[in-house]
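Participant: Take a look at this one; I'll ask things after.
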DNA sequence: CCTTTTGGTGGCGAGATCGTGAGAATGGGG
DNA sequence: CCCCATTCTCACGATCTCGCCACCAAAAGG
């Protein structure tokens, strides 16, 4: 049973949406402001968020960026404004779909179902990378070595993921910076070394003789294949 | 050497950008208005366009749509306006990246590099070279003879790759130095001999009678064809 | 056959490259 | 407002590589 978090400051709306979603067989949580929504996501890990953009205090867009910083949770945006730009901005910031107020509850339910279906389908695909005894769960952003979970920071995870997606391929430092930041500034290239060091500390049994992330002298690094 | 077209009506800016890009090893063309930009793209076929959105006459956005009508050339947009919507609109119209004025030239160079790299990576076909019983896996930077993996240093790999890409073609020592160092470095040409020696030791079954890297007396070396 | 020119090889030192610990910035959360 | 996690910077030492030299072998050329 999927869990949905509904975020809106108007009680009338949350109640209406809750009714319809529950009737469609989903568990529903509610929050009435941005901080509450973020706390609820962290605590209850719902499968989807329905978010009103017109919240008091923290703007809905701030909430989406905040959520996106630490998770890939699907978001459906509710907005009173129908202008194209708002729509684009919402999607740009990582919303998966949007519904314009006033909306029909049935339409909202249909969209929630559609997004959940889409996400589930994506989940079913190869979003888990297995190599030797290391497992990378991409949507959950979790890494396991043997049976032990490993805590990686966001940057560390992105680095490992980038390399593990093409095992054996050699990446230069600036390619790796590119993958992590979108843009590479040469002066920082040695920062990659520091990250690799920290990743190895967490991942490798013997960091002096790395089994996963190997150095290619004069070029960069690579994730071991085979 | 990639060619970049810089479009801006302010001479100060084009000159600044030209300086930085040229120092980064790129050829630079400039145009000061929309029609000029479109003509320059058609005539000189640059690899990338840096385009100021605030042009007199024809708007920068018109230029991007015009360019997009007939080509997929990468575009980086320069904009004085920092509002999200403009950014979104720019990207929406097919720009590959955007930089907000005032900008740091180093950042612009970094972004140009990143976009070029991205495009090149997408283009990259023929990633593996097969010749007789030698295999060169370019992204993995690995060489196999028969079934045996061969460990080459970065320079050795670049040398083999350079020659293997054009089997049969004879390369002078200074051409090979060029390929390895990027620039025409007046250096000891016999260094190539030393590398060839080391490569043969690793690659050839009988280094006295090389099957892959052959000496062309009085000229240089070549990678055996067929 | 001898000379001249060109290529092959072993080895070594300068310098590039990398690993690492310590600590400075940065930014979010309590 | 302070604290903590995260990321980046810096510098030093360890390691590896490359270009160079010296010397010998092989190939052209007369």
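Participant: Once the label point is set 7 Å along the Cα-to-beta-carbon vector, what list of distances in nm do you get between residue A:215 and its counterparts in the other copies?
Facilitator: In nanometres, ordered from closest: 3.6.
Participant: Return the average number of partner chain Cβ atoms within 10 angstrom of each residue Cβ along peptide B:138-148. Mind showing how you got there, number by number?
Facilitator: Numbers: counts 2, 6, 8, 7, 6, 0, 0, 0, 0, 0, 0.
Mean shielding count: 3.
Participant: Continuing with this model, one more query. Under the definition of partner shielding as Cβ atoms of other protein chains within 10 Å of a residue Cβ, what is the mean value for peptide B:102-108? Please report the intermediate quantities before stating the final value.
Facilitator: Numbers: counts 0, 0, 1, 0, 3, 2, 1.
Whole-number average of other-chain Cβ neighbours for B:102-108 is 1.
Participant: When B:14, B:144 are ordered from fewest to most other Cβ atoms inside 10 Å of their Cβ, what list results?
Facilitator: Lowest to highest Cβ neighbour count: B:144, B:14.
Participant: What is the angle, in °, between the Cα long axis of helix B:34-44 and the longest principal axis of the Cα atoms in chain B? Nearest 10 is fine, range 0 to 90.
Facilitator: Taking the Cα atoms of chain B, the angle to B:34-44 is about 20 degrees.
Participant: For residue B:188, go 7 angstrom from Cα along the Cα-to-Cβ vector, then report the distances to that same point in the other copies in nm, smallest first.
Facilitator: 4.0
Participant: Mind checking B:109-118 for the average number of partner chain beta-carbons within 10 Å of each residue's beta-carbon? Mind dumping the intermediate values first?
Facilitator: Working: counts 2, 10, 3, 1, 6, 8, 2, 0, 5, 3.
That works out to 4 on average.
Participant: Label-to-label distances across copies for residue B:174, with labels 7 Å out along Cα→Cβ, in nm, shortest first?
Facilitator: 2.7
Participant: Given the C-alpha atoms of chain B, compute the convex hull and give its volume per residue in Å³.
Facilitator: Normalising the Cα hull of chain B by residue number yields 155 Å³.
Participant: Then there is this: Once the Cα atoms of helix B:105-123 and of chain B are each reduced to a long axis, what angle between those two axes, in degrees from 0 to 90 to the nearest 10, is obtained?
Facilitator: Relative to chain B, helix B:105-123 is tipped by roughly 60 degrees.
Participant: If you don't mind, there's one more thing I want to ask. Would you calculate, for chain B, the mean residue ellipticity at 222 nm contributed by helices, counting each DSSP H stretch of 4 or more residues as -39,500 (n - 2.57) and dividing by all residues, to the nearest 500?
Facilitator: Calculated mean residue ellipticity at 222 nm is -13500 deg cm²/dmol.
Participant: Now for a different question. Note the angle between two axes, namely the Cα long axis of helix B:154-164 and the longest principal axis of the Cα atoms of chain B, as a number of degrees from 0 to 90, rounded to the nearest 10.
Facilitator: Between helix and principal axis, roughly 90 degrees.
Participant: Give me the percent relative contact order of chain B, please, defined on Cα pairs under 8 angstrom at least 6 residues apart.
Facilitator: Taking the mean separation of contacting Cα pairs over the length of chain B, I get 12 percent.
Participant: Can you tell me the FRET efficiency between residue A:106 and residue A:132 if r is taken as the Cβ-Cβ distance and R0 is 45 Å, rounded to the nearest 0.05? All intermediate terms of the calculation are to be shown ahead of the outcome.
Facilitator: Numbers: r = 49 Å, r/R0 = 1.09.
Calculated value: 0.35.
Participant: Taking neighbour counts of Cβ atoms within 10 Å as a proxy for exposure, in what order, fewest first, do A:174, B:32, B:104 appear?
Facilitator: With the fewest neighbours first, A:174, B:32, B:104 line up as B:104, B:32, A:174.
Read the figures in this text as sums done on the coordinates, not as results from a lab. For clarity, every value in this text was computed on a predicted model and none was experimentally measured. Note that each Cβ is placed from the backbone with ideal geometry, even for glycine, and that neighbours are counted across all protein chains shown.
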